[in-house]
Structures are given as C-alpha cells and as structure tokens.
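All remarks here apply to the structure that follows.
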Amino acid sequence: MQKKILIAVPTFENISPETFKSIYGIQSEHVLAFDYCKGYDCAVARNKIAKEALEGGFDYVLMIDSDIIVPSDVLDYLLSNPVAVCVGVYPRKNTKSQQTELFKFTEKDFSERFTFNELNEYVNRVNRLPVKGSGFGCALIKTSVFQQLPYPWFKYVMYPDGDVLSEDLYFSDQLRKHEIQMMADPRVRCAHMTRSFQYQ
C-alpha cells in the first residue's frame with residue numbers, strides 16, 4: 001500500500017548540492033513530497049516540519065540534515081517492517097574513530113555511541129536494533145507519533161552546569177518516556193559531509 005511521505009530538510013542557510021542530489025535520487029513506490037525549512041534553529045525547524053506533516057496528511061516524515069547524503073534505497077530499508085521511528089547511520093561530527101550518532105542503552109544518558117565496526121556485527125545477524133537516542137540526520141518518523149507527544153516535540157535543554165541536550169536527543173528522551181521505541185537500521189549508511197571519517 002502506498003504511503004504519503006514528506007521528505008524535509010531543516011536548514012539555517014542552505015542545503016548542500018550533494019545532499020539535494022541524493023534526495024532527488026531516492027527510489028520509492030510511495031508518494032513523495034519535498035520541502036525545507038530555512039532560517040530557524042534546528043529545533044524550531046523540526047517542529048515546523050512536524051506540523052506540516054500533520055497538516056498535510058502525510059503518513060511519515062523523513063528528516064534529512066542539510067549535510068547528509070542518503071542512499072537511493074533509504075526508504076526501502078527504513079519502511080521494511082515499519083516502526084514508529086527508524087533512523088539511518090552516519091558518522092559523528094569530527095570523529096576519527098568510527099563513532100556514529102547512535103546511542104546505546106547505558107545508565108548515564110547519551111554517553112556511549114555505537115561504532116561502525118559494532119554495527120557491522122548487527123548487519124550480519126539482524127537488520128534492526130533498538131537505540132536509546134540518535135541524531136536525526138536521517139530519521140523516518142510516523143506522523144502519528146507527534147499526536148502522542150507533548151508540544152514542542154523538539155527543543156534544546158540547557159542545564160545549570162552548562163551542558164546542553166540537543167533537540168534530537170530531547171525528542172529521543174520523550175519517546176522513551178512515552179514508551180515509543182526508536183530503532184536503527186544499520187543497512188542505511190549515510191555520508192556526513194566534510195567529516196574526518198566516512199564508513200567504508
């Protein structure tokens with residue numbers, strides 16, 4: 001059955017040509033629409049995108065950051081055995097040690113990341129794994145999820161000690177509090193522009 005999917009990019013300034021080319025190359029049997037939200041911080045932009053997905057009657061929204069390059073079969077994998085939230089994999093900013101933006105379940109919040117080598121083991125055994133949190137550079141979200149969570153869905157949290165919880169990890173935390181599981185598909189390997197490490 002065809003789904004209606006909004007592909008949207010939250011961007012403060014511009015979308016890299018490589019990112020847009022990869023979005024243009026996405027192959028899917030579903031009904032796709034494209035939009036971007038420009039001139040806002042990432043939390044505001046993601047909230048605007050989520051509202052657009054709800055108001056437009058979309059079944060899913062695929063958020064792609066302005067410096068992420070997605071594979072052409074990204075939706076084939078993310079929509080196989082559909083779940084509420086499924087994310088792809090890409091290198092962490094400034095990493096030189098194969099770290100990704102996927103977080104493991106540990107006692108301390110968002111402190112330990114999966115590496116690409118660890119994910120290779122999962123690909124050989126299973127296609128999906130639950131994650132505690134993730135960056136949202138490539139994230140497929142079922143639109144009905146936004147009806148289950150309080151607004152704003154994305155926001156930055158400043159702590160007294162100066163630490164900051166990013167908007168995507170805030171959303172990840174809200175998912176856990178409402179018992180909505182987030183999954184990662186390690187078959188979806190995205191490039192992250194101008195990063196020191198790219199997966200092989």
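Could you say which residue among Phe136, Phe103 is at pLDDT 85 or above, touching a Ser or Thr at 6+ places or on another chain (Cβ under 7 Å) and buried (at least 21 other Cβ atoms within 10 Å of the Cβ)?
Values: Phe136 fails: touching a Ser or Thr at 6+ places or on another chain (Cβ under 7 Å).
Only one candidate passes the filter, namely Phe103.
Give Val145, Val123, Val131 a once-over and let me know the one that is farther than 16 Å from Asp65 by Cβ, touching a Lys or Arg at 6+ places or on another chain (Cβ under 9 Å) and crowded, with 18+ Cβ neighbours inside 10 Å. Let's see the steps before the verdict.
Numbers: Val145 fails: touching a Lys or Arg at 6+ places or on another chain (Cβ under 9 Å); Val123 fails: crowded, with 18+ Cβ neighbours inside 10 Å.
One residue alone meets the criteria, Val131.
Quickly run through the stretch 31-53 and pick out the residues that are loosely packed, with under 15 Cβ neighbours inside 10 Å and closer than 21 Å to Pro82 by Cβ.
Val31, Ala33
Against the definition (at pLDDT below 85 and of a type in the set (Ser, Thr, Tyr)), how does Tyr122 come out, yes or no?
Working: at pLDDT below 85: yes; of a type in the set (Ser, Thr, Tyr): yes.
When the stated conditions are applied, Tyr122 passes them.
If you check Tyr151 against the conditions, is it among the hydroxyl-bearing types (Ser, Thr, Tyr), assigned to a loop (DSSP other than H, G, I, E, B) and over 21 Å from Leu78 (Cα atoms)? Lay out the reasoning, then the answer.
Values: among the hydroxyl-bearing types (Ser, Thr, Tyr): yes; assigned to a loop (DSSP other than H, G, I, E, B): yes; over 21 Å from Leu78 (Cα atoms): yes.
Answer is yes for this residue.
List the number of the failed condition for Ile26; all other conditions in (1) in a strand (DSSP E or B); (2) over 20 Å from Asp168 (Cβ atoms) hold.
It fails just one condition, (1).
Please go through the stretch 154-200 and give me each residue that is assigned to a loop (DSSP other than H, G, I, E, B), aliphatic (A, V, I, L, M) and either surrounded by 18 or more Cβ atoms within 10 Å (Cβ to Cβ) or at pLDDT below 90 (or both), ordered by number.
Of the stretch 154-200, the ones assigned to a loop (DSSP other than H, G, I, E, B) are 154-156, 159-163, 166, 178-181, 190, 193-200.
Adding the requirement that they be aliphatic (A, V, I, L, M) leaves 180, 193.
Result: Met193, single match.
Looking at the stretch 55-64, can you tell me whether even one residue there is in contact with a strand residue (DSSP E or B) (Cβ under 7 Å, 6 or more places away or on another chain), over 25 Å from Val164 (Cα atoms), without any contact (Cβ under 8 Å) to a residue 60 or more places away in the chain and surrounded by 14 or more Cβ atoms within 10 Å (Cβ to Cβ)?
No, the stretch 55-64 has no match at all.
May I ask you to say which residue of Ser22, Ser80, Ser72 is modelled with pLDDT of 95 or more, farther than 16 Å from Met193 by Cα and among the small types (Gly, Ala, Ser)?
On the way: Ser22 fails: farther than 16 Å from Met193 by Cα; Ser80 fails: modelled with pLDDT of 95 or more.
Exactly one of Ser22, Ser80, Ser72 is modelled with pLDDT of 95 or more, farther than 16 Å from Met193 by Cα and among the small types (Gly, Ala, Ser), namely Ser72.
Exactly one condition in (1) farther than 18 Å from Arg187 by Cβ; (2) touching a residue at least 60 places away in the same chain (Cβ under 8 Å) is false for Val89; which is it?
(1)
The values are calculated or read from the model by the stated rules, or taken from the named source; none is laboratory data. Keep in mind it's a predicted model, so treat the numbers as computed, not measured. Reconstructed Cβ throughout: ideal geometry from the backbone, glycine too, with neighbour counts over all protein chains shown.
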